[in-house]
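Enquirer: Take a look at the following structure, please.
The values are calculated or read from the model by the stated rules, or taken from the named source; none is laboratory data. Keep in mind that this is a model prediction, so the values were computed, not measured. As a convention, Cβ positions derive from the backbone with ideal geometry for all residues, glycine included, and neighbour counts pool all protein chains shown.
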Amino acid sequence: MRRLISRHKIAFASVMMFVTLMWWKSPAIMYRWLAMTVPEPVPAPLVPNQHYLGVVFVGQSNAANHGSARVHVDGPDRAWHEGQSYLLQDPIPGCSGIGGSVGVRLAAMGKPPALDAWLVACVAQGSTSIADWQPPSGLFEDAAREVRELSSRGHGPHWIIIHQGETDAWRNTDSSTYESGLRTLIGSLSELAPNARFLLCQTSVTTEPTEIHPGIRKAQENVWSSLPQVWAGVDTDSLPRGLRSADGVHFNASGLTTFASLLRKAMDVPTDRPQRYGE
């Protein structure tokens, strides 16, 4: 028995050494290997006689598919990507990551305000800065495409949710430069969907929940306080360590659910005060 256990330990150690080596030598190959376990997007038509509330997620990894525990929702709710509707499940097509998302959990909380079902588009990409989202960049064009398509089909977008700031906090981007970039991004998307409302989240955490960037946070506050189409979103810097994964940045399953719950509150009663954990 001891010999068998020892052999198992050696085999496990060998596998872990191989995995570690492969991540170091060829992370792209390992990522593709992990992606083999990810469910493929399932095309599904929009349900007739349902009035859809269109939502577009823009920003970084915490607005994409980098959370733990993938989930799905049943019923008429759908994901939207490049002119096609899909069953609403993690990972949402169009944004980075192969894990869970706040978008699916938002829909899992019930029908949207005043309408019948959710139509969720997500173009968020991990580790991106505000400079990466400036027009006419590829990321901006991805967002613009989804906004145009939803608008042309009469599905809003009713809300554009921006959760971005961690990379600029890590890079210590100048506050005024960051604020100018946010204003350009929002103004350019507003031209494509004049009736869309924006939820701008307050986020700057990089490695630990207590490490926030006052300049980035102030820039975000300045934008929602001065632009009439922008409302305060969720202050995700306020989410405690227990709602984050081991890296201290991305949300675990409970964190994603809490984020979604606070987003729903911000959408139900838009204000200039961000939704904060514990308030």
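Enquirer: With 215, 242 as the choices, which residue is surrounded by 15 or more Cβ atoms within 10 Å (Cβ to Cβ), more than 13 Å from residue 198 (Cα to Cα) and either assigned by TED's automatic domain parsing to the domain that holds residue 61 or modelled with pLDDT of 95 or more (or both)?
Expert: 215
Enquirer: Between residues in the range 44-64 that are under 24 Å from residue 253 (Cβ atoms) and at pLDDT 95 or above and residues that are of a type in the set (Ser, Thr, Tyr) and assigned to a loop (DSSP other than H, G, I, E, B), which pairs lie under 6 Å by C-beta distance while being six or more apart or on different chains?
Expert: Matching pairs, first to second residue: 60/128; 64/96.
Enquirer: From the list 271, 173, which residue is polar (S, T, N, Q), surrounded by 17 or more Cβ atoms within 10 Å (Cβ to Cβ) and in a loop (DSSP other than H, G, I, E, B)?
Expert: 173
Enquirer: Report, by residue number, each residue of the range 139-149 that is buried (at least 21 other Cβ atoms within 10 Å of the Cβ) and touching a His at 6+ places or on another chain (Cβ under 9 Å).
Expert: Of everything in the range 139-149, just one residue is buried (at least 21 other Cβ atoms within 10 Å of the Cβ) and touching a His at 6+ places or on another chain (Cβ under 9 Å), namely 146.
Enquirer: For the range 187-212, which positions are assigned to a helix (DSSP H, G or I) and buried (at least 21 other Cβ atoms within 10 Å of the Cβ)?
Expert: The answer is 189, and nothing else.
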